[in-house]
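Asker: Have a look at the structure that comes next, please.
The values are calculated or read from the model by the stated rules, or taken from the named source; none is laboratory data. What you see is a predicted model; the values in this text were computed from it and never measured. Here the Cβ positions follow ideal geometry from the backbone for every residue, glycine too, while neighbour counts run over all protein chains shown. The protein model used for the area step is the full one, side chains on, heavy atoms only, and it has no ligands, DNA or RNA in it. Shrake-Rupley method; radii C 1.70, N 1.55, O 1.52, S 1.80 Å.
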Amino acid sequence: MRRLWPPRIPPRRPILITAPATDQPIQLSLDEAVARGLKNNLGLKQSEYAEHAIHGEQDQALQEFLPTVTLTGDTGYHQFNLAAQGFGPSVISKFSKVFPSGSGPIHFSLITRATLTEGEINVHQTLFSGPVIAGWRAAGAAARAAHFARMTARGEVVQQVATAYLRAIAAASEVDNAKALEQADLVQYNNAHAAHLAGTVANLDELRPRVQYQAQQQATIAAQNTYEKDLILLKREIGLDPGQKVVLTDRAPNNDLAEQTPEEVRALAYRYRNDYQNLQNQQAELKAVHAAYRSQRYPTLSFSGNYGVEEIGGAGSHGTFAAIGTLSFPIFREAGLRGDIDASQAQVNAINAQLDDLRAKIDQQVRSALLDVRSSKQLVEVGRSNVDLATRELSDETERVNAGVDNTLPLVTAQATLAAAQSNLVESLYQYNVAKLALARAAGVLEDQYRAYLGR
């Protein structure tokens, strides 16, 4: 019996098919980025090829149920040496009395020649076989397992692409904030410089905003560099040339996610998670393989037959046929049968343990994802409040400096506080969106519902 082990799906590697760069910038939304990632990811292609290979094995298992019909035909010129086959002169002389003259045939040639033409049709079918039936079930389970393995790979691609896109737009927000603060610092520095030239403020009050302005210039350069590198990583994930210019059309999602309980998310995971479905089908496959080995003790019933026509030397044709039913069963193969059964039972036990471990892992992932969503949501709320307070503080200090009530030191401090608050808000919002993606992945609905989880 052909061994049907679990399908070996190649691990998904982060190698992508890259398209050549063009001069025209590509307008790229989150949905378009995900679509490109699913289209160009080489690891996902390998999973698809592996699934096709498993379907080929399933067709091979199906053939064991179907009748096999073959048609053969041949013609040829044959020459036989009768003496070499034991019909020499001494043997022929023994038959001389059967001839009317009492002597053997005159000029009897010991070399004979004949032209043989024949055609034959053969049929074979297995009527009953326990291993064949169990093998077909195992092949079906293997095909379903390969399908869910491919879907698991698709979920990984969606999560990686979406995370890279969110990271890039978070970096873009950092650049915007840095440029806005740089422009505000430039205005403050120009005002302080003009006041110093007018003699209304000391040199120190001019140096402070100048240092703050140059420090913010450095922050802008660093933020721009980080953004460019994040774009390169995103283009790598979706199969674009690193030199291709892209324009991100979506902004950071800023919507809250409805509250969910661990029981609700865990129920979704057991129903929709592809890795869980994959492991369940691997379990079904191994159980079918185990049943196939156990059923090798059962008898096998098969039918075979043929019908043919032969013509020798133009002497006319003659039909031949055969119809054979075969019933076979093992008599003394106990050691081999027990070895196969024990080995397959060990594999079933191993996959059962993996399923138990995956159930516990799903529960842990669900609870961790919910905690991350809850905490990152609170961080976003606190970050928004901090930005509002820092903005008000900077506005008040600006008015005090302009009115000559205070020097520029509190103003520089307020500007630094606002910059830190804005950066923290951007990072918190990014972490919140990533946590929502992780929750969707833990629930097994990432590919279909990542828009809903992000609030798009």
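Asker: I'd like the full set of residues that are open to solvent by less than 40 Å² (accessible area, probe 1.4 Å) and either charged (D, E, K, R) or assigned to a helix (DSSP H, G or I) (or both), limited to segment 313-338.
Answerer: Leu337
Asker: Still on this structure, please answer the following. I need the full set of residues from segment 297-312 which are small (Gly, Ala, Ser) and in a helix (DSSP H, G or I), in order please.
Answerer: Once the filter is applied, which keeps residues that are small (Gly, Ala, Ser) and in a helix (DSSP H, G or I), segment 297-312 yields nothing.
Asker: Please count how many residues of segment 98-132 are more than 30 Å from Lys287 (Cα to Cα), at pLDDT 65 or above and not aliphatic (A, V, I, L, M).
Answerer: Total meeting the criteria: 10.
Asker: Of the conditions (1) out of contact with any Lys or Arg (no Cβ under 8 Å at 6 or more places or on another chain); (2) polar (S, T, N, Q); (3) part of a helix (DSSP H, G or I), Gln159 satisfies every one except a single condition; which number is it?
Answerer: (1)
Asker: I'd like the full set of residues that are of a type in the set (A, V, I, L, M), open to solvent by 40 Å² or more (accessible area, probe 1.4 Å) and within 30 Å of Glu206 (Cβ to Cβ), limited to segment 398-456.
Answerer: Result: Ala403, Val405, Leu409, Ala416, Ala420.
Asker: Please go through segment 193-230 and pick out each residue that is open to solvent by less than 80 Å² (accessible area, probe 1.4 Å), over 48 Å from the mean Cα position of the chain (by Cα) and β-branched (Val, Ile, Thr).
Answerer: Val201
Okay, residues lined up against (1) under 30 Å from Gly135 (Cα atoms); (2) at pLDDT below 80; (3) small (Gly, Ala, Ser):
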position: Arg12; (1), (2), (3): yes, yes, no
position: Leu16; (1), (2), (3): no, yes, no
position: Ala21; (1), (2), (3): no, yes, yes
position: Gln27; (1), (2), (3): no, no, no
position: Asp31; (1), (2), (3): no, no, no
position: Gly37; (1), (2), (3): no, no, yes
position: His55; (1), (2), (3): yes, no, no
position: Val69; (1), (2), (3): yes, no, no
position: Gly76; (1), (2), (3): no, no, yes
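Asker: Please specify each residue of segment 163-177 satisfying the condition of being under 17 Å from Ala414 (Cα atoms) and open to solvent by less than 10 Å² (accessible area, probe 1.4 Å).
Answerer: The answer is none; no residue qualifies.
Asker: Also, quick follow-up: So which residues in segment 231-247 are surrounded by 19 or more Cβ atoms within 10 Å (Cβ to Cβ), part of a helix (DSSP H, G or I) and of a type in the set (A, V, I, L, M), if there are any at all?
Answerer: Leu231, Leu234, Ile238
Asker: OK, next. Under 6 Å by Cβ, and 6 or more places apart or on different chains, what pairs join a residue from segment 222-246 that is farther than 15 Å from Thr163 by Cβ with one that is outside any helix (DSSP H, G or I) and among the hydroxyl-bearing types (Ser, Thr, Tyr)?
Answerer: Close Cβ pairs satisfying both conditions: Gly239/Thr18; Asp241/Thr18.
Asker: Since Arg294 meets every condition but one in (1) under 24 Å from the mean Cα position of the chain (by Cα); (2) open to solvent by 50 Å² or more (accessible area, probe 1.4 Å); (3) in contact (Cβ under 8 Å) with a residue 40 or more places away in the chain; (4) farther than 25 Å from Leu30 by Cα, which condition does it not meet?
Answerer: (1)
Asker: Pairs needed: first member in segment 53-76, under 18 Å from Asn306 (Cβ atoms) and in a strand (DSSP E or B); second member anywhere, open to solvent by less than 80 Å² (accessible area, probe 1.4 Å) and of a type in the set (Gly, Ala, Ser); C-beta distance under 6 Å; at least 6 residues apart or different chains.
Answerer: These pairs meet every condition: Gly73/Gly119.
Asker: Give me a count of the residues in segment 445-456 that are touching an Asp or Glu at 6+ places or on another chain (Cβ under 8 Å) and within 21 Å of Arg273 (Cα to Cα).
Answerer: Looking only at that region, the number is 1.
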